[in-house]
């Protein structure tokens, strides 16, 4: 029987300091031996967003304790690990460097293999922590920095079908929350207050909804929210109505664009028993989950979501991606550097900036 691999994972791409120890189990999923996440929400709340220098300082202060806690909880010593994985990008360079450097140091001093993980691949493979997933599958990656439809052909093999041409979905949620004074972090705040409002009260635009394949755009929607927010004059009911209308518009956009992506996936793969993985921080949004689950019933495909604790940034998904890459001999040299931008599909066109033709 082949050995079940055990990895230490480290994640510091933005404002969570995280470490986890993950071991394969017999059914192809993972045993979560520890998964420690230290959030920096309180540090950044007063600024309404992440301040990179503050985030990096908090990582430096917390990282050793978080790793020690993860090791202690797992009851596995470094010398008994099969490897170390740390996020190498994309993300904030000053933050990435903290986790990446300590991960490389641990691997070097303990003479263990090291894997520098793409944070997006961590999200892409994260449902495999709890459920055996078959390739290829369709991925909708929705987070604070990314919004993409991709075909996941295998570990390290991705084809981008569509992406946002401007704001990421999580960014649109955060900026809407800030405009409405709903608090930070934006996504959970908008979702909470949207439940108190009338989703049909404000007509908002659905940019590029009938063109550009499954590419998405949220900048025009955000501008419309800003315009409507100036009519609120401190009235909570109007604020909640606008939050509900914004979230409802997002759901209509995702419904339509996911339909297009599903058809593209079927055309390219000729695979009928489609699995749609919805991953990333925004995948924790209950209304988005319900919306896409309704679409899956309409189009007869299966929708899979990571557990809520694996939607946001965490080190369990990094350790898991490290194990999967290690099994394919995708091991990194100790001099691997942090990358602020690192697409999963290197051949996909960069879809942002003036002059973009759709």
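Any idea which of 125, 141 is crowded, with 20+ Cβ neighbours inside 10 Å, within 15 Å of the chain's Cα centre (by Cα) and part of a helix (DSSP H, G or I)?
Details: 141 fails: part of a helix (DSSP H, G or I).
So the residue among 125, 141 that is crowded, with 20+ Cβ neighbours inside 10 Å, within 15 Å of the chain's Cα centre (by Cα) and part of a helix (DSSP H, G or I) is 125.
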(request) Kindly indicate the residue of the stretch 301-331 that is part of a helix (DSSP H, G or I) and out of contact with any helix residue (DSSP H, G or I) (no Cβ under 7 Å at 6 or more places or on another chain) and also nearest to residue 157 (Cα to Cα) among those meeting that condition. (result) 325
(message) All but one of (1) over 17 Å from residue 163 (Cα atoms); (2) over 22 Å from the mean Cα position of the chain (by Cα); (3) in a helix (DSSP H, G or I) hold for residue 247; state the number of the condition that does not hold.
(response) (2)
(request) Could you please find all residues in the stretch 169-193 being part of a helix (DSSP H, G or I) and over 22 Å from the mean Cα position of the chain (by Cα)? (result) 179, 180, 193
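Would you please name the residue that is farthest from residue 35 (Cα to Cα), looking only at residues in the stretch 73-100 that are assigned to a helix (DSSP H, G or I) and in contact with a helix residue (DSSP H, G or I) (Cβ under 7 Å, 6 or more places away or on another chain)? Even if it seems obvious, please write down each step before you answer.
Of all residues in the stretch 73-100, those assigned to a helix (DSSP H, G or I) come to 73-74, 78-80, 93-100.
After this cut, where a residue has to be in contact with a helix residue (DSSP H, G or I) (Cβ under 7 Å, 6 or more places away or on another chain) as well, the list is 78-79, 94-95, 98-99.
Working: 78: 16, 79: 19, 94: 23, 95: 19, 98: 18, 99: 15 Å.
Going through the qualifying residues, I end up with 94.
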(request) Only residues that are out of contact with any strand residue (DSSP E or B) (no Cβ under 6 Å at 6 or more places or on another chain), assigned to a loop (DSSP other than H, G, I, E, B) and buried (at least 20 other Cβ atoms within 10 Å of the Cβ): list them for the stretch 4-38, please. (result) 12, 14, 15
(message) For the structure I just gave you, tell me whether residue 70 is part of a strand (DSSP E or B) and either surrounded by fewer than 17 Cβ atoms within 10 Å (Cβ to Cβ) or in the same structural domain as residue 317 (by TED's automatic domain parsing) (or both).
(response) no
(message) Residues to consider are 272, 298; find the one that is free of Cβ contacts under 8 Å to residues at least 12 places away in the same chain, assigned by TED's automatic domain parsing to the domain that holds residue 160 and in a loop (DSSP other than H, G, I, E, B).
(response) 272
(request) Can you confirm whether the stretch 250-262 contains a residue that is more than 22 Å from residue 208 (Cβ to Cβ) and either crowded, with 23+ Cβ neighbours inside 10 Å or modelled with pLDDT of 95 or more (or both)? (result) no
(message) Show the residue pairs meeting these rules: Cβ distance below 8 Å; 6+ apart or different chains; first residue within the stretch 138-161 and at pLDDT below 95; second residue in a strand (DSSP E or B).
(response) 146/163; 146/164
(message) Can you find a residue that is assigned by TED's automatic domain parsing to the domain that holds residue 161, under 18 Å from the mean Cα position of the chain (by Cα), touching a residue at least 40 places away in the same chain (Cβ under 8 Å) and not in a helix (DSSP H, G or I) anywhere in the stretch 223-237?
(response) no
(request) Could you tell me which numbered condition residue 244 fails, if it satisfies all but one of (1) in contact (Cβ under 8 Å) with a residue 24 or more places away in the chain; (2) crowded, with 17+ Cβ neighbours inside 10 Å; (3) in contact with a strand residue (DSSP E or B) (Cβ under 9 Å, 6 or more places away or on another chain)? (result) (3)
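The values are calculated or read from the model by the stated rules, or taken from the named source; none is laboratory data. Since the model is a prediction, treat every value here as computed from it, not as a measurement. Methodologically, a virtual Cβ is constructed for each residue, glycine included, from the backbone with ideal geometry; neighbour enumeration extends over all protein chains shown.
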